[in-house]
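Participant: First, the structure itself, so that you have it in front of you.
The values are calculated or read from the model by the stated rules, or taken from the named source; none is laboratory data. This one's a predicted model, so the numbers in the text were calculated from it and none came from an experiment. So basically every Cβ, Gly included, is an ideal-geometry build from the backbone, and we count neighbours across all protein chains shown. When the accessible area is computed, the model is the full protein with side chains, heavy atoms only, and any ligands, DNA or RNA have been set aside. Shrake-Rupley method; radii C 1.70, N 1.55, O 1.52, S 1.80 Å.
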Amino acid sequence: MHAAEHVTLSAYLTRRRGAILQAWRTAVTSDPTLTTGAALPRAQLHDHIPALLADFERTLAQGGLQTNPGDQEAHQGDAAAHGLHRWQQGFDLAEVTRELGRLNECVVVELEAYAITHPVPDAAAMAEARRIWAQQCGDAVSASVSQYFQLQQIEAGSHVRDLEQALQSLRELEQERARLWQEAAHDLRGNLGVVATATAGLASPQASDMMRGSFLKLLDRNVGSLSHLLNDVTSLARLQGGLEHRSLAAIDVVELLGTLCEDLQPHAQERGLYLRFDGPAALPVEGDAVKTRRIAQNLVINAIKYTRTGGVTVTCGDCASSDLDRWFFEVRDTGPGFHAGPGSQLAGAIEEATDQARQVATDHATGGVTHVTVDLAETYPSPKDVRPVRQQVGEGIGLSIVKRLCDLLDATTELESVIGVGTAFRILLPRSYGQAPATHACVRR
């Protein structure tokens, strides 16, 4: 009934898409509660928003009906990809819903402006267009939040698996300790000729040196690993509980990362690996030196742990000319690449978001719009890697700590991993943390 009016409105919104995006960006960057969005360059902040607008335009162009069965799937995929990207970029869940609310406001403003400047014979056509947008916007919020929540569940699942693995290590330690106690009791019986409780245990002078050595090796191997896990769990609990805060000051990240690599050289040399640092003469920024070092140290130690030959290279510098407000550092290893294990789904999600972000940037440069299907938005980790799992306790928690620290610093986490070639983590951080204006609005331009 309103097909002609909807087609005209669709064409108008297509022409106005750039203005709507600009109004939305202004609203997001001026909203004091959306600090993460204010730190992103235009291409990264826009990412899948043009696709959501294009979905609305397409529905209107079809007379208000989704005649193609793939249209709904494409819309859900675009919205799910939005949640994936916002998770990668460090948004919290409240920010995800709030920025989509800002988009809703800007589209409503544009629809009202169209109704005033382009009166239609049947006012019901505009009412139907508003209904279509309300439904699609609601679906977008639902799909984006669902994807974000699914990623949080994946993160929590990796923590559970790590802790289960730690409990298994404790059980094995207890079983081994019981075996050693039995051996000690046997030696005591053989040497003293009595059957009594081994009250002196391994401290007894009757315990053999070989037995003591075995027990000490067991303790060294397991207690050290569990101690690191306990420290990670404590650190993660503080991050998740909001007890960690960023402390900003002027820092030279070249000096910070260079010193870190010097400190970790012995760790790499023990494993026969190189550890190299490459960067400019200086890179002064505003940041949190302690937390930036913690991110880099976690990534470097993990890279050294899983690399068998070759080594690890740490680099830093300014981001591309399209992203002058941020700097980056990268940790690249020559290890096996990520595969199935405690942290793999978390890593797979970061890698999937990185691949999509690059496609968005390419399409943005050519004026195109990136659409993502539901399957692509939810496919992580890649099913093509069928190697057996050889990962250690705490990998999921360690990667989660890196992600949470990046969220705290408004940093974006990117990942490239190629089987048999290596893995590269790239962290993009703001050069400064200015205060956002206290007002926001959707402005037609």
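Participant: Any idea which residue in the range 324-346 is modelled with the lowest pLDDT, counting only those that are closer than 15 Å to PRO430 by Cβ and buried (at least 19 other Cβ atoms within 10 Å of the Cβ)?
Facilitator: Of everything passing the filter in the range 324-346, ARG326 is modelled with the lowest pLDDT.
Participant: Return only the number of the condition from (1) surrounded by fewer than 19 Cβ atoms within 10 Å (Cβ to Cβ); (2) among the hydrophobic types (A, V, I, L, M, F, W, C); (3) at pLDDT below 90 that ALA349 does not satisfy.
Facilitator: (1)
Participant: Under 6 Å between Cβ atoms, which residue pairs at least 6 apart in sequence (or on different chains) link something in the range 266-294 that is within 14 Å of TYR306 (Cα to Cα) and open to solvent by less than 70 Å² (accessible area, probe 1.4 Å) with a partner that is modelled with pLDDT under 95 and assigned to a loop (DSSP other than H, G, I, E, B)?
Facilitator: Matching pairs, first to second residue: LEU273/THR307.
Participant: Residues LYS384, LYS305: which one is among the basic types (Lys, Arg) and modelled with pLDDT under 70?
Facilitator: LYS384
Participant: Wholly within the range 22-138, which helices (runs of 4 or more DSSP H) include no fewer than the required count, namely at least 2 residues that are modelled with pLDDT of 85 or more, within 30 Å of ARG431 (Cβ to Cβ) and open to solvent by less than 30 Å² (accessible area, probe 1.4 Å)?
Facilitator: 49-61, 93-117
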